[in-house]
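Undergrad: Mind looking over this structure? Questions follow.
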Amino acid sequence: QVQLVESGGGLVQAGGSLRLSCAVSGRTFSSYTMGWFRQAPGKEREFVAAISWKGSTDYTDSVKGRFTISRDNIKNTMSLQMNSLKPEDTAVYLCAIRISGLSYDYWGQGTQVTVSS
């Protein structure tokens, strides 16, 4: 089995910063893509950012220039540095890994991020 555990969420004022972390444990894989998603109350889960095994990154337009995704393949961890946070960034943030194909295979439980105006 694979376990993903997020940490680093919390309450921050608009314009502030938070750093989320995701730790992967259990079964190991030769390579996988890691991603962050978020889900706000009453809304669909949406893609935030992803990073490939080799470090290629992708972001949704609304966070470009504000969020930075990174990973440590030795420690099997991933981070999301979130700067210039806005109230609309408020959501539960979930990390996930994709082994192959287009779908993410394993998910964490999520960490709450709340941005006050």
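Undergrad: Among Ser100, Ser84, Ser30, Ser25, which is more than 14 Å from the chain's Cα centre (by Cα) and part of a strand (DSSP E or B)? Spell out the reasoning first.
TA: Working: Ser100 fails: part of a strand (DSSP E or B); Ser84 fails: part of a strand (DSSP E or B); Ser30 fails: part of a strand (DSSP E or B).
One residue alone meets the criteria, Ser25.
Undergrad: Still on this structure, I have one more. Taking the stretch 33-56, which residues are surrounded by fewer than 16 Cβ atoms within 10 Å (Cβ to Cβ), assigned to a strand (DSSP E or B) and among the polar types (S, T, N, Q)? Talk me through it step by step, then tell me what you get.
TA: Filtering the stretch 33-56 for residues surrounded by fewer than 16 Cβ atoms within 10 Å (Cβ to Cβ) gives 39-47, 52-56.
Of the ones still in play, those that are also assigned to a strand (DSSP E or B) are 39, 46-47.
Of everything in the stretch 33-56, just one residue is surrounded by fewer than 16 Cβ atoms within 10 Å (Cβ to Cβ), assigned to a strand (DSSP E or B) and among the polar types (S, T, N, Q), namely Gln39.
Undergrad: Here's something else I'd like to know. Can you work out which of the residues in the stretch 87-97 that are in a strand (DSSP E or B) and of a type outside the set (Gly, Ala, Ser) is most open to solvent (accessible area, probe 1.4 Å)?
TA: At the first step, the residues of the stretch 87-97 found to be in a strand (DSSP E or B) are 91-97.
Now restrict to residues that are of a type outside the set (Gly, Ala, Ser): 92-95, 97.
Details: Val92: 46, Tyr93: 0, Leu94: 24, Cys95: 0, Ile97: 0 Å².
Applying the filter and picking the extreme gives Val92.
Yes/no per residue for (1) within 12 Å of Leu94 (Cβ to Cβ); (2) without any contact (Cβ under 8 Å) to a residue 40 or more places away in the chain; (3) of a type in the set (S, T, N, Q):
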{"position": "Glu6", "(1), (2), (3)": "yes, no, no"}
{"position": "Gly16", "(1), (2), (3)": "no, no, no"}
{"position": "Arg19", "(1), (2), (3)": "no, no, no"}
{"position": "Ser25", "(1), (2), (3)": "no, no, yes"}
{"position": "Gly35", "(1), (2), (3)": "yes, no, no"}
{"position": "Val48", "(1), (2), (3)": "yes, no, no"}
{"position": "Ser52", "(1), (2), (3)": "no, yes, yes"}
{"position": "Thr57", "(1), (2), (3)": "no, yes, yes"}
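Undergrad: Okay, next question. When both residues are 6+ apart or on different chains and their Cβ atoms are under 9 Å apart, which pairs have a first residue that lies in the stretch 67-82 and is in contact (Cβ under 8 Å) with a residue 40 or more places away in the chain and on the phi > 0 side of the Ramachandran plot, and a second that is open to solvent by 10 Å² or more (accessible area, probe 1.4 Å) and in a loop (DSSP other than H, G, I, E, B)?
TA: Listed by first residue and then by second, the contacts come to Asn76/Thr28.
The values are calculated or read from the model by the stated rules, or taken from the named source; none is laboratory data. Since this is a predicted model, take the numbers as computed values, not measurements. Heads up, the Cβs are rebuilt from the backbone with ideal geometry, glycines too, and the neighbour counts pull from every protein chain shown. Just so you know, the surface numbers come from the protein's heavy atoms only, side chains and all, with ligands and any DNA or RNA stripped out. Shrake-Rupley method; radii C 1.70, N 1.55, O 1.52, S 1.80 Å.
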